[in-house]
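Visitor: One structure follows; several queries about it will come next.
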Amino acid sequence: MAVTWTTQAERGHPLVIRFFTWFALTFGRRISRLLIHPISLYFVILGGAARAASRDYLKRALGREATILDGYRHVHCFSSTILDRAYLLNDRHALFRVDVHGKEIVQRAMREGRRARRGAFLIGAHLGSFEAIRAAGREEPDLSVSMVMYEENARYLNAVFAAINPQLSQTIIPLGRVDSMLRVKRALDEGRMVGILADRMLAEEEGSNAVREFTLLGDRIWIPVGPFRLAAMLRRPVIFIVGLYRGGNRYEVSYEELYDFSEEPAANGAAERAAAIDARINAAMQAYIERLEHYCRDAPYNWFNFFDYWNDGARRGTHSAGRAPRRME
């Protein structure tokens, strides 16, 4: 899997985000959605590497060559969720219809978490809308989620939230700090949910035992082991989450039981125990990939990794030099 996303500049300066947020909230969703068409067309025509990445992904997800219309629908879906972010983060939920599947799964995890002070992991991907998931969580007043992410992404996301809604409180635990693990455990011990997006790896992880190879949409990718090892070490259940944009004002949020690490594996000796845990981690990761592929085929235009996810250089074991192209996020 490509790791160039970590070197690409984020698109969306807070001042620009503030302007579009003001425009969207002032003139309403119907008028603001008219802006999506020229913006989407711009990226389809001049998107460069992002357009090529979109075409490569869509060929895999659709099982055929992607047309210009497919590329437009892909970017338009992404642009729609970005616009809707302004409304969802400003509590204008009445504009949307959000259908929730598997609600009982997260409700049960919340009850058990409060009773035993053992929260659960919510693991997703850059697929669909995070804000739709947050909107669905409004129906569960006791649901508390801490997002775990790389520090640069956390800094950017905080800037975006501040630009869209300065009053919004978002709990983010940055990875890579001395106290990151302790903060995750503390959140879980308080019965809270810990959310992680597990579909991207860092450049320094490539070729190491920090990632494992799987097959997604017919080709090899590398997925970070960390989120699943963390769930195994802390012996917590893992729930798969996704919030899909279904067109118009419709979103669909799904919770699915992915893997439960709560029970200690039966083993004799440290070596056998380590092997058993490793096998369970592998099983959880395979289940994650299977659900990811299912939703990529079910809602192909919701994939928001606009970079070379199936990297030719990584497949050959070589690395291309130079600065990677920008990504649309």
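Quick note: the coordinates plus some simple rules give every number you see, no bench work behind them. This structure is a prediction, so every number in the text was calculated from the model and none was measured. Cβ sites come from the backbone with ideal geometry, for glycine too, and all protein chains shown count toward neighbours.
Visitor: Report the net charge of residues surrounding LEU89, where surrounding means a beta-carbon distance below 15 angstrom and charges are Lys +1, Arg +1, Asp -1, Glu -1.
Guide: For residues surrounding LEU89, the net value is +3.
Visitor: Could you list which residues have their amide H under 5 Å from that of ARG212, counting only those 5 or more apart in sequence or on another chain, with H placed in the peptide plane?
Guide: It is ILE223, VAL225, by chain and number.
Visitor: Can you tell me what share of the DSSP beta bridges in region 4-316 is antiparallel? A percent to the nearest 5 is fine.
Guide: Antiparallel bridges: around 45 percent, rounded to the nearest 5.
Visitor: Name the residue farthest towards the positive end of the dipole of region 4-316 from the options LEU127, GLY176, VAL225, assuming +1 on Cβ of Lys and Arg, -1 on Cβ of Asp and Glu, about the Cα centre.
Guide: Result: LEU127.
Visitor: Same structure again: Could you give me the ³J(HN,Hα) list for region 41-53, computed from phi with Karplus coefficients 6.51, -1.76, 1.60 and θ = phi - 60°, whole Hz, x at Gly and Pro?
Guide: 5, 4, 6, 5, 7, 10, x, x, 5, 5, 5, 5, 5
Visitor: Could you tell me the distance between the Cα centroids of region 27-57 and region 224-280, to the nearest Å?
Guide: Each part reduced to its Cα centre gives a spacing of 34 Å.
Visitor: ³J(HN,Hα) across region 122-134 via Karplus (A = 6.51, B = -1.76, C = 1.60, θ = phi - 60°), whole Hz, x for Gly/Pro?
Guide: Along region 122-134, the couplings run 10, 10, x, 8, 7, 9, x, 10, 5, 5, 5, 5, 5 Hz.
Visitor: Ordered by residue, what ³J(HN,Hα) values in Hz, to whole numbers, does region 74-82 give under the Karplus form 6.51 cos²θ - 1.76 cosθ + 1.60, where θ = phi - 60° and Gly and Pro are x?
Guide: In residue order, the calculated couplings are 5, 5, 5, 4, 4, 5, 4, 5, 5 Hz.
Visitor: Then there is this: Amide H neighbours of TYR259 under 5 Å, at least 5 residues apart or on other chains, H built in the peptide plane: list them.
Guide: For TYR259, the qualifying residues are VAL238.
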